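The values are calculated or read from the model by the stated rules, or taken from the named source; none is laboratory data. What you see is a predicted model, and the numbers here were worked out from it, not measured in a lab. FYI the Cβ positions are ideal-geometry reconstructions off the backbone, even for glycines, and counts take in every protein chain you see. Ligands, DNA and RNA are stripped out before the accessible areas are found, and what is left, the full protein with its side chains, is counted by its heavy atoms. Shrake-Rupley method; radii C 1.70, N 1.55, O 1.52, S 1.80 Å.
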Amino acid sequence: AQGLQLSDTQVKLAGIRTAQVRKDTLSEELALTGTIAVNQNRMTTYNARVEGRIVRLYVKNQGDYVRAGQVLYEVYSEELLALQREYLLTLEKQKRLSGSEVDYARIAEAARTKMRLLGMTDTQLNRLAARGEVQSTVPVLSTVSGTVTEVSAREGDYLMAGGPVLSVADLSSVWIEAQMYANETALVQNSMPAEVKTPAFPNQTWAGRISFANPELNADSKINLIRVEITNPKGRLLPGMQANVFLKTREKIGIALPTDAVLRESRSSVVWVK
């Protein structure tokens, strides 16, 4: 063992500090590279519920922010027009033929339910009944607040029922999809805590948990996928950004000392003991 004697002045000039060795919880850290992605559990896709033409499209650009209740587009549909006429005619008969054996109230409610399933809201249906006039075009409202991630239709397009129009994502929660090698898969499990950093915000760390670890290994690349879910209340983390995921694995009790106390050389490491 080598020895070294220093005076108090030399210690002070050299900036030498001491720390006490202690027992502590030690773990290995696994660092993974990933990409921020939309949380698919908070994705809403709007498909045409009825065959018709988009007369006016109010949301045309990816990245636009929409609020719940905001009009997304207006549709002209012969089927909705026919249902509205049938509904108003039934309401009129219900008033005039109140003593009839025909249950017009049930027929009107059936027509109302069908229009609701085709995208009309209760507010729109109540307005229709109060005014007694059909709406030539029906506004389609957003049911959620979020960011538009895809616009699949254009103004003037004729859509079949089920045709895609646009998608909206709530980015208050996002996924980080990271890749890991086959020999690392045994180190992770669902619900394991994780720390996330991104080059876009180098001074900030996000806490999250593994929400999914793919049980199937990619046969070609021998790489597995894990997914970490984190909260993103200010919406600063955007899909497509690069991110780094840090996982602490194999925790155990051991002898701990500061990292900068270890002097690493080519063939060994040295620690000075006072």
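Quick notes on this one:
- Matching residues, region 167-211, being assigned to a strand (DSSP E or B) and farther than 20 Å from Leu238 by Cα: Met180, Tyr181, Pro193
- Residue list for region 119-156, filter: under 33 Å from the mean Cα position of the chain (by Cα), part of a loop (DSSP other than H, G, I, E, B), more than 16 Å from Glu51 (Cα to Cα) and not polar (S, T, N, Q): Val144
- Pair list, Cβ < 8 Å and 6+ apart or interchain, from region 238-267 residues that are over 16 Å from Val21 (Cβ atoms) and at pLDDT 85 or above to residues that are acidic (Asp, Glu) and part of a loop (DSSP other than H, G, I, E, B): none
- Among the conditions (1) within 15 Å of Val134 (Cα to Cα); (2) surrounded by 15 or more Cβ atoms within 10 Å (Cβ to Cβ); (3) touching a residue at least 40 places away in the same chain (Cβ under 8 Å), the only one that Met115 does not satisfy is (3).
- Complete set of residues in region 25-60 that are more than 25 Å from the chain's Cα centre (by Cα), surrounded by 11 or more Cβ atoms within 10 Å (Cβ to Cβ) and in a strand (DSSP E or B): Leu26, Ser27, Glu28, Gly52, Arg53, Ile54, Val55, Arg56
- Of all the criteria given as (1) at pLDDT below 90; (2) surrounded by 10 or more Cβ atoms within 10 Å (Cβ to Cβ), the one not satisfied by Ala219 is (2).
- Residue match in region 63-76 (condition: free of Cβ contacts under 8 Å to residues at least 24 places away in the same chain and open to solvent by 60 Å² or more (accessible area, probe 1.4 Å)): no
- Any hit, region 7-23, residues being modelled with pLDDT under 95, part of a strand (DSSP E or B) and either polar (S, T, N, Q) or within 30 Å of Thr185 (Cα to Cα) (or both): yes
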